[in-house]
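Notes follow the structure.
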Amino acid sequence: MDAEERHLGLDRHITRRDFLNGVALGVGGSLASAWLTACGWSVETAALFAPDRPTYYPPALTGMRGSHDGSWELAHALRDGTFWQQVGAVTDTRETYDLVVVGSGISGLAAAYFFRQRAGNDARILLLDNHDDFGGHATRNEFRVGGQLLLGNGGTHAIATPTPYSPQARGLLTALGIDPPALTAQCVDQQLFAALKPAVFFSKETFGEDRLVVRDPTQPWAAFLARTPLSHAVRRDIERIQEAPIDYLPGLSSAAKKERLSGVSYQDFLLTIAQAHPDVIPFYQTRTHGLYGIGIDAVPALDGWGIGLPGFQGLELEPGPAPRMSRTAAGAATPNREPYRFHFPDGNASIARLLVRTLVPEAVPGQTVEDLVTTRINYARLDRPGATVRIRLGSLAVRARQVGEPRSSREVEVYYTRAQRVYAVRGRGCVLACWNMVIPSLCPELPEPQKEALVYGAKVPLVYTNVALRHGTAFHQLGVRTIAAPGCFHHAVSLHEPISIGAYRYARTPEAPVLLRLVRTPCQPGLPAREQHRLGRLELLTTPFTTFERHIRDELGRMLAPAGFDPARDIVAITVNRWPHGYAYEYNPLWDPEWAPDEQPCVLARQPFGRIAIANSDAAAYAYTDAAIDQGYRAVQELFMTWGTRTQHA
Ligand SMILES: Cc1cc2nc3c(=O)[nH]c(=O)nc-3n(C[C@H](O)[C@H](O)[C@H](O)COP(=O)(O)OP(=O)(O)OC[C@H]3O[C@@H](n4cnc5c(N)ncnc54)[C@H](O)[C@@H]3O)c2cc1C
C-alpha cells in the first residue's frame, strides 16, 4: 500500500469486507463447500445460508451488498444454459403450498398479503428469494457508531411517486398503519437541518480544479456562479438557462412546442435550441441520473420540462402532461399533485418489514409502525416447518412448470437451488414476482412473443452507497446537506434525511455520528438508453469493492477538505448497495416506439400462463413501490380468475 492509499485510510480497519470475512469465517466456515466456491460463491456467503444461526443478521452486513455475491452467479449460469451441468438430482421436499411466490420484494410480499386476504389466513404460502435478506430492492442497512444506531436504505428510498397511489396500494399502506403525510408531519426533525444548503462539487477532472460551492436557493444564480471555477461564457449561459424567461421556440403553439421537445434530448435542447455553450453540458449532465439512470443525452427535453429542469420558463408551455412523455415525467408535470410521501430511516424496507410482520408475525416483534423501526427481525423464524407462511432466503428459483397441461393444470412445480442442492416444491398457484428477464429461463415453454416481451426492458443499474461517519461536523461547518458532484464516481452525496421515529433518534448535534448516501448510476453517454443500462450493469458486476472504497475516500476527502475532513479518521463503515438490476425499465419516448397501451411489452409479458401469474414492478414498466404493490394485487386476482369462483383450495 502506498502513502496515498494510507493517507486515504485504505489500510484502516472499518466495517467492510475485512470485518465480514472475520465474522463469517468464525461462525460458519464449515458450511462453505468446494462446490459453492467453484460456483463463485464466497466463503462468507456460504456461511450466510444458515439463517437459523443467531449471527445471521443481513442488515448489519457491510461491504458489497445489494445484489451481493452469491445471489446472482447461478442465475447467470441458468441464463447461459450451464446451470444444470453444475447440479445434481432434484430433491423433492414433498412440500405443497396454496401459493408459491418467487421473489420477496415488495411485489412478492404484497402478492402474499393479497392472497391471504382472499383465501384466508390459513392459506399456506412459500416465498423464495435468491438474496440473503427479504425486501428485494427495499433492504435495510444498519450501523452502530459509538453505540448509536444509524439506519439507511439499501435501495428503495421513499414512499413517493409522480402518479397517485392506487386504492389498492394506498389501502395496503393504510392497513399496515402507514399514513405518509401524518408521519412526515410527526417525524421530520429539521432542528439541525434548517440551516444547511445544497452545494455543487466542481472536480479538477471535469472542471479543472476542486471547489465546493454552496448555493443559497434564495439568492439569484449569479451569486452562486460567481464563486464557481466556470468560465465567464459558461456562467452567463447557465444563468440564462436557469432564470431568463426566453421563448426559444417562438411562433409555435404550446402543443407544437411539446411535440418538438419530445423528439430531442435535453442535451440537444440546451445546445441547439437554447444555443448554450457546450461547456454547460457537464454541469447538467447527471441531473437526470437519479430518476432515469442515464444522463441528459438520453432523456427527452419534454421529460426535462416535466421533472422541473430549467430553460423552459419562457416557453409558456401549458401545465399538464403531453402524449409523448415517460410516465414519470407525465406524472411530475401534473399540476396540484397531492403530497403523499414519507421516508422511513431505512426507506421502504419498513414496508417490507411491516408486510412480513403481517405474514410471519413471530419473526417481527412489536405492534406499531414506530416500534418497527428499531425492531430486530428474528430471521430464524422466517421459514419454520408448520408455519402457514414461510420465507426462504438464499433460494434461487430455477424452474416453474405446470404439472400437466397449462389449461387443465392443477399444480405448479417450482425448483429452487439453495447451497449445493436443487429442491422441488409444489403450489396450487404461483406468482413470479421476480425480474421479468429471469422468467423465460424459469418457464421456457412460454410463447415466444411473451418471452421476447419479457426481455425487452433493460433494468436500470444503480448504486446506493451508505457511509457512516464518526461525526457530521464537516457538513455543519460547510453548511451543506446535499452535494451534486457531476463527473465524479458518485454523482450525488447527501446526509440521510433527518427522521426521528419511535425510539430512533436522528443526530441532535453536529458532533453526533451520521450516515451519508452516495449515488452512482453507471452508464455510457451517447448510446441508446437500453444499451447504456446493459453496459452499466456489466461495469457494476466487474467493479470490486476496493475500487468503490478508493473513490469514496478520495472524493469525500476532496469535497469536504475545507472543513478538515479526514477520510482515514472520519469514515467508520461503508456499505455499497450494488443494484445491477435496479429500476424497472420505463419506456423512453426517444428510444422506444409508441405502442397502444395494451400492446406495450410489459402488458404482453405479464399475461398469466396456466396457474402462473406475473407480478413485480417490471410488469408495469414503472419503478415505484405502488407499481410493485399494484402488480402483486393484479397477479393474485388473475390467479383467482383462473380458478373461477372457487377458493384457492379447490
Ligand atoms: C436504489 C433504488 C432506489 C429506489 N428508490 C425508490 C423510491 O424511492 N421510491 C419508489 O417507489 N421506488 C423506488 N425504487 C424502485 C423499486 O424497484 C420499487 O419501489 C420496489 O421496491 C420494487 O419491488 P419489486 O418487488 O417489484 O422488485 P424487487 O425489489 O426487485 O424484488 C424482486 C425480488 O425477486 C428476486 N428474484 C429475482 N429472480 C429470482 C429467482 N429466480 N428466484 C428467487 N428470487 C428471485 C430478486 O432478487 C428480488 O429480491 C428504487 C429502486 C432502487 C434499485
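The values are calculated or read from the model by the stated rules, or taken from the named source; none is laboratory data. Note that the structure is predicted; figures quoted are calculated from it, not measured. All Cβ positions, even for glycine, are placed from backbone atoms using ideal geometry, and neighbour counts span all protein chains on display.
Suppose we filter the range 396-407 for residues that are at pLDDT below 95 and in a strand (DSSP E or B); how many remain?
Qualifying residue count, the range 396-407: 2.
From the list 178, 246, 238, which one is of a type outside the set (Gly, Ala, Ser), touching a strand residue (DSSP E or B) at 6+ places or on another chain (Cβ under 8 Å) and either away from the ligand (no atom under 16 Å from the Cβ) or not in a strand (DSSP E or B) (or both)?
None of the others qualify; the one that does is 178.
Which of the residues belonging to the range 127-152 are among the aliphatic types (A, V, I, L, M) and either more than 16 Å from the ligand (Cβ to nearest atom) or more than 17 Å from residue 373 (Cβ to Cβ) (or both)?
127, 128, 145, 149, 150
Find all pairs meeting these conditions: Cβ atoms under 7 angstrom apart; at least six residues apart or on different chains; first residue within the range 309-329 and at positive phi; second residue of a type outside the set (S, T, N, Q).
311/241; 311/269; 311/270; 311/274; 316/247; 320/333; 320/335
One residue is enough: does the range 381-395 have a residue meeting the conditions under 19 Å from residue 504 (Cα atoms), in a loop (DSSP other than H, G, I, E, B) and touching a residue at least 40 places away in the same chain (Cβ under 8 Å)?
no
Taking the range 425-444 as the region of interest, how many residues are within 15 Å of the ligand (Cβ to nearest atom) and not in a loop (DSSP other than H, G, I, E, B)?
Summing the residues that are within 15 Å of the ligand (Cβ to nearest atom) and not in a loop (DSSP other than H, G, I, E, B) in the range 425-444 gives 12.
Please verify whether the range 334-344 includes one or more residues that are crowded, with 24+ Cβ neighbours inside 10 Å, assigned to a loop (DSSP other than H, G, I, E, B), of a type outside the set (A, V, I, L, M) and touching a helix residue (DSSP H, G or I) at 6+ places or on another chain (Cβ under 9 Å).
Yes.
With 594, 586, 531, 555 as the choices, which residue is acidic (Asp, Glu), within 16 Å of the ligand (Cβ to nearest atom) and either assigned to a loop (DSSP other than H, G, I, E, B) or surrounded by fewer than 24 Cβ atoms within 10 Å (Cβ to Cβ) (or both)?
586
Does the range 251-269 contain at least one residue that is assigned to a loop (DSSP other than H, G, I, E, B), in contact (Cβ under 8 Å) with a residue 24 or more places away in the chain and in contact with a Gly (Cβ under 9 Å, 6 or more places away or on another chain)?
For the range 251-269, residues assigned to a loop (DSSP other than H, G, I, E, B), in contact (Cβ under 8 Å) with a residue 24 or more places away in the chain and in contact with a Gly (Cβ under 9 Å, 6 or more places away or on another chain): absent.
For residues that are assigned to a helix (DSSP H, G or I) and within 16 Å of the ligand (Cβ to nearest atom), scanning just the range 445-454, find the one that is surrounded by the fewest Cβ atoms within 10 Å (Cβ to Cβ).
Filtering first and then ranking leaves 451.
Grab the strands (runs of 3 or more DSSP E) fully contained in the range 455-504, keeping just those with 1 or more residues being surrounded by fewer than 22 Cβ atoms within 10 Å (Cβ to Cβ).
480-484, 492-495
Which numbered condition in (1) surrounded by fewer than 24 Cβ atoms within 10 Å (Cβ to Cβ); (2) at pLDDT 95 or above; (3) in contact with a strand residue (DSSP E or B) (Cβ under 9 Å, 6 or more places away or on another chain); (4) under 30 Å from residue 269 (Cβ atoms) is the only one that residue 324 fails?
Unmet for residue 324, out of (1) surrounded by fewer than 24 Cβ atoms within 10 Å (Cβ to Cβ); (2) at pLDDT 95 or above; (3) in contact with a strand residue (DSSP E or B) (Cβ under 9 Å, 6 or more places away or on another chain); (4) under 30 Å from residue 269 (Cβ atoms): (2).
Could you identify the single residue in 170, 124 that is more than 8 Å from the ligand (Cβ to nearest atom), within 30 Å of residue 333 (Cα to Cα), more than 16 Å from the chain's Cα centre (by Cα) and basic (Lys, Arg)?
170
Please name all residue pairs, on different chains or six or more residues apart, with Cβ atoms under 8 Å, provided the first residue is in the range 469-485 and is among the charged types (D, E, K, R) and the second residue is part of a loop (DSSP other than H, G, I, E, B).
Taking only residues 6 or more apart or on different chains, the pairs are 470/146; 470/513; 481/193; 481/196.
Of the conditions (1) of a type in the set (Ser, Thr, Tyr); (2) part of a loop (DSSP other than H, G, I, E, B); (3) in contact with a Lys or Arg (Cβ under 7 Å, 6 or more places away or on another chain), residue 509 satisfies every one except a single condition; which number is it?
(3)
Here's a check for you: in the range 81-107, which residue that is within 12 Å of the ligand (Cβ to nearest atom) and modelled with pLDDT of 95 or more is farthest from the chain's Cα centre (by Cα)?
Out of the qualifying residues, it is 100.
Just checking, does the range 63-75 include any residue being more than 14 Å from the ligand (Cβ to nearest atom), surrounded by 18 or more Cβ atoms within 10 Å (Cβ to Cβ) and at pLDDT 70 or above?
Looking for residues that are more than 14 Å from the ligand (Cβ to nearest atom), surrounded by 18 or more Cβ atoms within 10 Å (Cβ to Cβ) and at pLDDT 70 or above, one finds at least one in the range 63-75, hence yes.
Within the range 407-424, can one find any residue that is away from the ligand (no atom under 16 Å from the Cβ) and free of Cβ contacts under 8 Å to residues at least 60 places away in the same chain?
Checking the range 407-424: at least one residue is away from the ligand (no atom under 16 Å from the Cβ) and free of Cβ contacts under 8 Å to residues at least 60 places away in the same chain.
All but one of (1) surrounded by fewer than 21 Cβ atoms within 10 Å (Cβ to Cβ); (2) in contact (Cβ under 8 Å) with a residue 12 or more places away in the chain hold for residue 366; which doesn't?
Single failed check for residue 366: (2).
Given 619, 623, which one is more than 30 Å from residue 203 (Cα to Cα), modelled with pLDDT of 95 or more and in a loop (DSSP other than H, G, I, E, B)?
One residue alone meets the criteria, 623.
Kindly evaluate residue 458 against the criterion of being touching a His at 6+ places or on another chain (Cβ under 9 Å) and within 16 Å of the ligand (Cβ to nearest atom).
So residue 458 fits the description; yes.
When you check residue 517 against the structure, is it surrounded by 18 or more Cβ atoms within 10 Å (Cβ to Cβ) and either assigned to a helix (DSSP H, G or I) or under 20 Å from the mean Cα position of the chain (by Cα) (or both), yes or no?
The answer is yes for residue 517.
Sort through 8, 78, 48 and tell me the only one that's aliphatic (A, V, I, L, M), within 23 Å of residue 459 (Cβ to Cβ) and either at pLDDT 75 or above or within 16 Å of the ligand (Cβ to nearest atom) (or both).
After ruling out the rest, the residue left standing is 78.
What residue, among those in the range 327-384 that are aliphatic (A, V, I, L, M) and farther than 24 Å from residue 149 by Cβ, is farthest from the ligand (Cβ to nearest atom)?
333
Give me the residue from the range 152-196 that is of a type in the set (S, T, N, Q) and surrounded by 16 or more Cβ atoms within 10 Å (Cβ to Cβ) and, out of that set, nearest to residue 59 (Cα to Cα).
Selected residue: 153.
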